[in-house]
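S.K.: Take a look at this one; I'll ask things after.
The values are calculated or read from the model by the stated rules, or taken from the named source; none is laboratory data. No experiment lies behind these values; they were computed from the predicted model shown. Please note: Cβ atoms are built from the backbone with ideal geometry, for glycine as well, and neighbour counts cover all protein chains shown.
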Amino acid sequence: MISNSLIELDRRHLVHPVTAYREHEKRGATVLTSASGIHVQDSTGKRYLDGFAGLWCVNAGYGQQSIVDAAAKQMAELPYATGYFGFSNEPAILLASQLAELAPGTLNHVYFALGGSDSVDSAVRFTQYYCNAIGKPEKRHFISLEMGYHGSSTTGAGLTALPAFHAGFNVPLPNQHKIPSHYSYRNPVGEDPQAIIAASVQALRDKVTALGGPDHVAAFICEPVQGSGGVLVPPKGWLPAMQAACRELDILFIIDEVITGFGRIGPLFGSEVESLEPDLMTVAKGLTSGYAPMGAVFLSDRIYDTIADHAGKNAVGHGFTYSAHPVSAAVGLATLRLYTEGGLLESGQHAGARLMSRLAELAGHPLVGEVRGISMLAGIEVVASKETRELFAPDVAIGARLATASLDNGVIFRAFANGTIGLAPSLNYTPDDIDELVARVKKSLDDVL
Ligand code: PLP
């Protein structure tokens with residue numbers, strides 16, 4: 001179908017995620033039609049360097065034949081199998097067991113969902129069940145971080161702290177609470193890492209006290225790096241300190257690795273960077289490299305055994321039609337093989353070191369307030385004044401201008417509304433590809449000067 005009629009049909013009928021509908025209707029969609037390696041192509045034939053791995057998910061890059069073959073084979077052999085009624089399927093069993101082997105601590109039990117939001121919902125549901133099972137039904141409150149993102153389902157959106165996901169909706173829920181982010185560039189306690197860590201631990205303690213004490217709080221959830229909040233990397237030691245505080249307060253520590261899982265910040269799981277051992281862990285995106293929808297929540301031995309023992313002969317009433325979908329699981333297995341045996345983790349680490357060093361050169365750019373990141377996850381905070389750190393006024397629409405400049409320069413990055421640029425290239429970028437990406441980002445910045 002020719003490009004213009006597709007754009008017209010999109011305008012009339014397709015409701016887009018996290019989009020200003022009327023603005024989108026005016027502008028019209030960029031319709032993507034094909035992809036290969038680290039490039040995508042639109043319906044006009046224009047090619048873009050994808051510096052954001054789709055939506056921080058295509059960690060393996062496009063056109064990985066082993067993933068395509070695994071999906072095709074599974075579709076032909078067994079396109080669907082339910083996990084209800086005692087049924088199971090081979091790819092899901094193998095994927096769960098391999099992931100359990102690789103996951104930190106005692107996270108040996110894997111529940112498969114369809115993406116990140118419902119993985120977070122599932123983590124909340126399992127946590128609720130666990131608290132009831134241990135005889136503490138008043139443990140109902142959940143604490144998350146300002147600037148955090150945990151999806152846009154009703155439960156996830158309430159844990160999320162980004163205003164756009166609350167405006168016009170009835171979230172957060174009454175049992176969902178926030179404490180300040182570790183965001184060091186704009187932290188009221190300053191940029192000293194120890195001061196930030198101490199403030200966060202104290203904020204968690206204070207919040208638990210304000211909610212009536214540990215008997216009223218189920219869990220604290222956070223991302224190893226706050227992605228959608230603008231790629232905010234916590235100071236070294238922050239995550240272990242928060243984990244220790246959770247243990248001391250007797251509340252569960254849930255880590256949301258939907259972005260940081262699968263090589264994005266170096267090792268297979270972001271939790272490995274600081275040897276975390278969360279009670280529950282959510283993943284999605286890189287699990288299947290975006291080739292098929294899938295997410296997962298990992299449960300520690302303690303959580304799983306408590307739930308299983310408590311339920312006894314009764315069903316634990318949580319599950320979806322597409323839990324442990326065999327095609328997604330086959331895709332996950334083929335993708336995991338690329339990380340573990342195909343050299344993808346190592347190439348990502350190599351490219352990540354290059355990305356960090358080349359991006360550091362942009363710190364002197366007149367529009368750049370801060371460059372931050374870890375391995376293949378980076379943020380560039382764009383400011384109106386480097387001295388005062390003042391952001392551009394909303395009517396400047398700096399984010400929209402950067403988005404336009406990026407497409408003009410044949411590159412895709414995330415242009416947040418406040419102007420922050422997010423980068424999350426596929427792990428198969430070569431050092432030369434990284435140089436090309438950074439050059440195009442710089443050109444886009446120059447174009448909006
Ligand atoms: N959690 C985190 C940390 C995320 O970054 C995201 C999505 O970006 C989600 C949850 C939600 O995942 P999904 O969009 O697959 O529902």
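S.K.: Can you say whether ALA393 is assigned by TED's automatic domain parsing to the domain that holds ILE412, over 20 Å from the mean Cα position of the chain (by Cα) and more than 22 Å from ARG440 (Cα to Cα), as far as the supplied structure shows?
M.R.: Judged against the criteria, ALA393 is a match.
S.K.: In the set SER200, SER153, which member is closer than 28 Å to GLU387 by Cα and hydroxyl-bearing (Ser, Thr, Tyr)?
M.R.: Selected residue: SER200, the only one of SER200, SER153 that is closer than 28 Å to GLU387 by Cα and hydroxyl-bearing (Ser, Thr, Tyr).
S.K.: All but one of (1) away from the ligand (no atom under 16 Å from the Cβ); (2) touching a Ser or Thr at 6+ places or on another chain (Cβ under 6 Å) hold for MET147, so report the exception by its number.
M.R.: (1)
S.K.: Restricting to the stretch 158-176, name every residue that is in a helix (DSSP H, G or I) and surrounded by fewer than 23 Cβ atoms within 10 Å (Cβ to Cβ).
M.R.: PRO163, ALA164, PHE165
So that you can scan it fast, the table gives a plain yes or no per residue for (1) touching a residue at least 40 places away in the same chain (Cβ under 8 Å); (2) in contact with a Lys or Arg (Cβ under 8 Å, 6 or more places away or on another chain):
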position	(1), (2)
ARG389	yes, yes
ALA397	no, no
VAL438	yes, yes
LYS442	yes, no
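S.K.: Inside the stretch 153-191, can you point out the residues that are free of Cβ contacts under 8 Å to residues at least 12 places away in the same chain and β-branched (Val, Ile, Thr)?
M.R.: Within the stretch 153-191, VAL189 is the sole residue that qualifies.
S.K.: Here's a follow-up. How many residues does the stretch 416-443 hold that are buried (at least 24 other Cβ atoms within 10 Å of the Cβ), among the small types (Gly, Ala, Ser) and over 25 Å from TYR339 (Cα atoms)?
M.R.: Here the count works out to 1.
S.K.: Which of the residues belonging to the stretch 121-157 are farther than 17 Å from VAL283 by Cβ, buried (at least 20 other Cβ atoms within 10 Å of the Cβ) and either aliphatic (A, V, I, L, M) or outside the structural domain of ALA308 (by TED's automatic domain parsing) (or both)?
M.R.: Result: ILE143, LEU145, MET147, ALA157.
S.K.: Follow-up question, since we're still on this one. Is there a residue being modelled with pLDDT of 95 or more, among the hydroxyl-bearing types (Ser, Thr, Tyr), more than 16 Å from the ligand (Cβ to nearest atom) and not in a loop (DSSP other than H, G, I, E, B) anywhere in the stretch 106-122?
M.R.: Among the residues of the stretch 106-122, not one is modelled with pLDDT of 95 or more, among the hydroxyl-bearing types (Ser, Thr, Tyr), more than 16 Å from the ligand (Cβ to nearest atom) and not in a loop (DSSP other than H, G, I, E, B), which makes the answer no.
S.K.: Could you list, ordered by first residue, the pairs with Cβ atoms under 9 Å in which the first is in the stretch 40-52 and crowded, with 17+ Cβ neighbours inside 10 Å and the second is of a type in the set (Ser, Thr, Tyr) and assigned to a strand (DSSP E or B), at least 6 apart or interchain?
M.R.: Pairs found: VAL40/THR33; VAL40/SER34; VAL40/TYR48; VAL40/TYR62; SER43/THR33; ASP50/TYR62.
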